[in-house]
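Here it is, the structure in full.
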Amino acid sequence: MTRVSGGCHCGNFSVELQLTRAPDSYSPRACDCDFCRKHGAAYVSDPVGALHIRIADPAHAGRYRQGSGQAEMLLCRRCGVLLGALFTDGGRCCATVNAQVLDPAVRLGAATVVSPKSLSAGEKAARWPNIWFANVSIASPDA
Ligand SMILES: [Zn+2]
């Protein structure tokens with residue numbers, strides 16, 4: 001298990017990822033939708049790893065839905081950084097992290113372009129729990 005950390009620019013969000021393989025074996029998925037392109041986002045996740053998100057000030061945690069509206073994009077309202085995406089289905093939450101928020105020393109593999117916008121809502125709901133972190137915890141002063 002490799003622990004990798006990161007966060008937004010102002011420190012409101014911090015993340016710790018537990019990866020089950022060497023970091024350079026992960027290929028971040030550069031989503032080609034308009035929203036993710038504007039953020040330069042590419043996502044990393046491990047369905048058998050774990051993700052811990054800490055939110056210092058929930059008032060500055062923005063949640064935004066776009067595309068099919070199924071996933072919640074998590075954005076820092078103070079510094080504008082896109083942390084990742086959450087998807088809740090049947091009470092179970094899974095999540096993926098924008099690899100751009102990880103500590104610069106973390107060496108992931110080369111990004112590959114993916115196109116979830118070409119999938120139906122049902123295909124996305126079936127795909128994400130299989131490739132995103134399923135073990136997700138979010139800690140904030142309100143939680
Ligand atoms: Zn921030």
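Could you please find all residues in region 1-12 being open to solvent by 30 Å² or more (accessible area, probe 1.4 Å) and more than 16 Å from the ligand (Cβ to nearest atom)?
M1, T2, R3
Run down R92, R63 and say which single residue is within 25 Å of G11 (Cα to Cα) and without any contact (Cβ under 8 Å) to a residue 60 or more places away in the chain. Before you say what the answer is, go through the steps one by one.
Working: R92 fails: within 25 Å of G11 (Cα to Cα).
Unique residue meeting the criteria: R63.
Of the conditions (1) within 13 Å of the ligand (Cβ to nearest atom); (2) over 20 Å from G109 (Cβ atoms); (3) open to solvent by less than 30 Å² (accessible area, probe 1.4 Å), V15 fails just one. Which one is it?
Unmet for V15, out of (1) within 13 Å of the ligand (Cβ to nearest atom); (2) over 20 Å from G109 (Cβ atoms); (3) open to solvent by less than 30 Å² (accessible area, probe 1.4 Å): (2).
The values are calculated or read from the model by the stated rules, or taken from the named source; none is laboratory data. Everything numeric in this text was worked out from a predicted model, so none of it was measured. Every residue, glycine as well, gets a Cβ built from its backbone with ideal geometry; the counts of neighbours run over all protein chains shown. Quick note on the areas: whole protein, heavy atoms, side chains included, nothing else; ligands and nucleic acids left out. Shrake-Rupley method; radii C 1.70, N 1.55, O 1.52, S 1.80 Å.
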